[in-house]
Each structure stands twice: as C-alpha cells, then as structure tokens.
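J.: This structure is in structure tokens; I'll ask about it shortly.
The values are calculated or read from the model by the stated rules, or taken from the named source; none is laboratory data. All figures in this text were calculated on a predicted structure; none of them were measured in a lab. Please note: Cβ atoms are built from the backbone with ideal geometry, for glycine as well, and neighbour counts cover all protein chains shown. To get the accessible areas, we keep the full protein, side chains included, count just its heavy atoms, and leave off ligands, DNA and RNA. Shrake-Rupley method; radii C 1.70, N 1.55, O 1.52, S 1.80 Å.
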Amino acid sequence: MEERIRLIQGDITALQVDAVINAANSSLLGGGGVDGAIHRAAGPGLVEICRLLGGCEVGEAKVTPGLHMPAKYIIHTVGPVWKGGQNGESEKLASCYRSCLEQAKLHDCTAIAFPNISTGIYHFPKELAAGIAIRETRAFLKTNKIPATVTFVCYDQENYDLYKALLNS
C-alpha cells in the first residue's frame, strides 16, 4: 500500500484529520448513513451552515467547518445514484473524488478521510466504486503534495476487504 494512502475500518466522525468527506445528498441538509452520522457528530449548527450553501450538484464538493467534530472541515460531496451504469455514474463518482481532493488542497488539508461514496442507499456497486476512488486518489496524489495523506474509512467489512485487495494489487 502506498505510504500516502491509508485504510481503516471504523467511524469517520471520530477521526482527527483536517477534513472528512461527507457523502451528502444534494440538499446538504442531512440524511442517512454517513451523512446522518456526520450531521449528528458536527451538531445542529451544521444544518444551518449548509442551508446557506444552496445545495450541491452531483460530482461537486462544498466545504463547511467541522464544528463539534475532531476534523477542522467537512467536505460535502454528492455522489451519483446507480441507475445501471449507462448514465455517466462512474464519471460522476470520479468527479466527486477529484472535487473533494481539490477542495482539500485549496483549504490546505494535509490529512483527509473518505467514506465509501454512493455505495449505501445510492446502490453504486462497491467494487467499481472502490476502484474509482483509488484510481482518482492515486492520480491526484501523483501531481499534488497536499493532501499528504488520504485515509479510506470503511464502515463495513465488505468494503474494507475490497479496498484492501485493490490497494495491494
């Protein structure tokens, strides 16, 4: 595994990093899964800040303070809903990772953490999503010094095993 890429299984909201990435919905006002956990951990002020952002398009990213989380920032991105793969889903997911990495660089975030974007209620195939996440992260890190480290945080064993296999191949 590359020295700038890390993999853990656990709770992204507890990590002491400069920024955690939130797999948000387009309203940015909270939801289920990672999004709900991040909103709960950051506190009720997050929804008020997100209201001012006017939502977010699929594949883009917006930044808020981390509030009550250990992370300084939350980078919110909206992943695509899987509709069979013929609707640009892979490119939209790749855009999520590129947009988040660019925002991390702009905000001088040396350590960031990604969840498994779009693989929950959006039903993106987990192995395909992991491959896109790793490919886009590796490409960005080749030409950028910041972020210095990227941690992929898997909540479940299935995603952890997929990432581990792909990172070690």
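J.: Put 137, 110 in order of accessible area, largest first, 1.4 Å probe: what do you get?
T.: 110, 137
J.: Sticking with this one: How many Å² of accessible area per residue for the chain, probe 1.4 Å?
T.: For the chain, the solvent-accessible area averages 47 Å² per residue.
J.: Roughly how many Å² of residue 95 are accessible to a 1.4 Å probe, to the nearest 10?
T.: The value for residue 95 is about 30 Å².
J.: Moving on to the next point. Under a 1.4 angstrom probe, counting protein chains only, how are 35, 108 ranked by accessible area, largest first?
T.: Sorted by accessible area, descending: 108, 35.
J.: Oh, and also: Subtract the Cα-Cα distance of residue 81 and residue 6 from 0.36 nm times their separation in residues, and report this length gain in nm to one decimal.
T.: Gain on stretching residue 81 to residue 6: 24.4 nm.
J.: Report the one residue of 120, 132, 143 whose Cα lies farthest in the direction of the positive end of the charge dipole of the stretch 74-149 (charges on C-beta: Lys and Arg +1, Asp and Glu -1; origin at the Cα centre).
T.: Ranked along the dipole, the leading option is 143.
J.: Still on this structure: Hey, what number do you get for the chain at 222 nm if only DSSP H runs of n ≥ 4 count, each worth -39500 (n - 2.57), divided across all residues, to the nearest 500?
T.: After summing the helix terms and dividing by residue count, I get -12000 deg cm²/dmol.
J.: Can I ask one more? Output the pairs from 62/126; 92/142; 83/105; 83/145; 92/126 with a Cα-Cα distance over 26 Å in this structure; if there are none, say none.
T.: Distance filter (> 26 Å) returns 83/105; 83/145.
J.: Now a separate question. I'd like the Karplus ³J(HN,Hα) series for the stretch 139-152: coefficients 6.51, -1.76, 1.60, θ = phi - 60°, whole numbers in Hz, and an x wherever there's a Gly or Pro.
T.: Karplus values, whole Hz, x for Gly and Pro: 4, 5, 5, 4, 10, 9, 7, 10, x, 6, 9, 10, 10, 8.
J.: Around residue 79, what is the net charge, scoring Lys/Arg as +1 and Asp/Glu as -1 over all other residues with Cβ under 10 Å from its Cβ?
T.: 0
J.: To continue, here is another question. Once neighbouring chains are kept in place and the probe is 1.4 Å, which whole percent of the accessible area of the chain is contributed by carbon and sulfur?
T.: Answer for the chain is 53 percent, counting heavy atoms of protein chains only.
J.: Still on this structure: Can you compute the charge dipole magnitude of the chain about its Cα centre, using +1 on each Lys and Arg Cβ and -1 on each Asp and Glu Cβ, nothing else charged? Give it in debye, rounded to the nearest 20.
T.: Dipole of the chain, to the nearest 20 debye: 260 debye.
J.: When all C-alpha to C-alpha distances in the chain are sorted into bins of 10 Å, what percent of pairs does each bin hold, rounded to whole numbers?
T.: 11, 44, 38, 7, 0
J.: Right, next: What is the local net charge at residue 28, summed over the other residues whose Cβ is closer than 13 Å to its Cβ (Lys, Arg +1; Asp, Glu -1)?
T.: So the surrounding residues net to -2.
J.: Run through the stretch 47-79 and list the GluC sites (Glu not before Pro) located in a DSSP loop whose Cβ has at most 16 other Cβ atoms within 10 Å.
T.: Filter output for the stretch 47-79: 57.
J.: Sticking with this structure for a sec: So how far apart, in nm, are the two label points at residue 16 and residue 166 if each is 7 Å from Cα heading toward Cβ?
T.: Once both label points are built, they end up 3.0 nm from each other.
J.: Rounded to the nearest 5, what is the percent of antiparallel bridges among the DSSP beta bridges in the chain?
T.: Around 20 percent of the beta bridges assigned by DSSP in the chain are antiparallel ones.
J.: Additional query: Would you kindly compute the Cα radius of gyration of the stretch 26-86 and its largest Cα-Cα separation (Dmax), both in Å?
T.: So, for the stretch 26-86, Rg and Dmax equal 12.0, 40 Å respectively.
J.: Which of the trypsin sites (Lys or Arg not before Pro) found in the stretch 57-132 are in a DSSP loop and have at most 15 neighbouring Cβ atoms, other than their own, within 10 Å?
T.: 83
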